[in-house]
Amino acid sequence: MARVSGCRSEEVASPTLPHARFSRTLSLMEVHFTPEQEAKLAQSAAQQGREPDELVQQVVARYFDEESRFVDAVRRGEEALQRGEYLTHEQVGQRLERFLQP
């Protein structure tokens, strides 16, 4: 299990525990990994001279950046298709052949 700081939650009173309250900003979040994943995470963090939680935060941030770029690229592709801007299968094959020629 890795703990990642920075998770946010609204303050909510617990109906079963009247004195318990959750903080607006939680300092920890639990993420469960298989033993193999946790070992790889620890090894990778150690090789980079970093803490595992720092590495997890960077990896998650990078994932969301990439996901956003991918979704944007798909949207642009769909818009181009709607405008009639596309290549047929044959045209793609011809371009690849020209590209791969020495």
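Any read-out appearing in this document is the output of simple, stated calculations on the displayed coordinates, not a laboratory observation. The model shown is predicted, which means the values in this text are computed figures rather than measured ones. When we count neighbours, we look across all protein chains shown, and the Cβ atoms used for this are built from the backbone with ideal geometry, even at glycine.
Okay, here's what the table says:
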quantity	calculated
Rough spin-label spacing in nm, given labels placed 7 Å along Cα→Cβ, for TYR63 and GLN91	3.7 nm
Farthest toward positive dipole pole in the range 49-95 [+1 Lys/Arg, -1 Asp/Glu at C-beta], among TYR86, VAL59, PHE70	TYR86
With eigenvalues of the C-alpha gyration tensor scaled by 5 and rooted, the range 41-98, Å	40, 17, 5
